[in-house]
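Written out below as structure tokens is the structure these notes cover.
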Amino acid sequence: MNKFTALSWLVALLIPLALIGLGLRLLLSNTFLQIEYNMPYFPADEYGFTKEDRLRWAPYAVEYLVNNADISYLGDLKFDDGSPLYNERELSHMEDVKHVTNSALNVWYTALASLLALGIWSRLGRFDYAQHWEQAYRQGLMRGGWLMVGLAVVIGLVVVVGIAFNQNVFWSFFTGFHQLFFEGDTWLFLYSDTLIRLFPIRFWQDAFLIAAVIALGGGVTLALKMK
């Protein structure tokens, strides 16, 4: 493998990280919460949360994942009757989620910075190599775009099949995802727990589907524009 091919494949591997990270960051916003909770099919909470309750409490969880606060940011939250919003098991899990989220965002930042640096390098290299470097970089963008298309289609199909035909398909994917990042059953909760009431399985189905659509759009754009 020569250095131009190596550059091309390095860029290709960075593209999915950059596009998945973009999808994650867009989902970590109150805008997504507003859209999701206002969907007509979004399931009601059998334990009493209204849409307004969800829009009141859910932003705290999202904000915690991207701010510099410790777990007391969530631990100090209380219902109107004075009882804590989250139990100790939920708080422990949210600490784990914050760690995973921060790691994922750092990977995203690194991928973006690396793509930018490699792009600048491909344009400012030695004159006799500049054209080859730029061609390798653009080829890497195209390859990465097609790679992202493939991954996004697989994820999207898993979610769609899970929603439309067999919930077990998505649940198996969802379980595998959590087992990859969390220990044991620390991510499993009662249906009466606040985290499940705020973020039921349909929330995660839509989140994965939207992330796949965002990544697919970016992948198709790169794959076609870099020809």
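Just a few scattered comments:
- Secondary-structure-derived ellipticity at 222 nm for the chain, considering helices only, amounts to -26000 deg cm²/dmol, per-run term -39500 (n - 2.57) for DSSP H runs with n ≥ 4.
- Sparsely packed GluC sites (Glu not before Pro) within the range 21-109, loop by DSSP, other Cβ within 10 Å at most 12: GLU46
- Chymotrypsin sites (Phe, Trp or Tyr not before Pro) within the range 8-95: DSSP coil, no more than 12 neighbouring Cβ in 10 Å: TYR41, TYR47, PHE79
- log₁₀ of I(q)/I(0) at q = 0.17, 0.21 Å⁻¹ - the range 1-135, Debye sum with one point per alpha carbon: -0.98, -1.26
- Span-like helix criteria (full DSSP H runs; alpha carbon extent of at least 18 Å along the helix axis; mean Kyte-Doolittle hydropathy of at least 1.0) are satisfied in the chain by 3-27, 201-225.
- Of the chymotrypsin sites (Phe, Trp or Tyr not before Pro) found in the range 111-196, those in coil by DSSP whose Cβ has at most 11 other Cβ atoms within 10 Å are PHE165, TYR191.
- Cα extents for the range 3-225 along the principal axes, largest to smallest and rounded to whole angstrom: 73, 41, 32.
- Mean Cα-pair separation over length for the chain, i.e. relative contact order, pairs under 8 Å, 6 or more apart, %: 35 percent
- Partners for LYS225 among lysines (Cα-Cα distance below 24 Å; same-chain residues under 8 apart left out): LYS3
Since every read-out is calculated from the coordinates, none of them should be taken as a lab result. Everything numeric here is computed off the predicted structure, so don't read it as measured data. We place every Cβ from the backbone using ideal geometry, glycine too, and count neighbours over all the protein chains shown.
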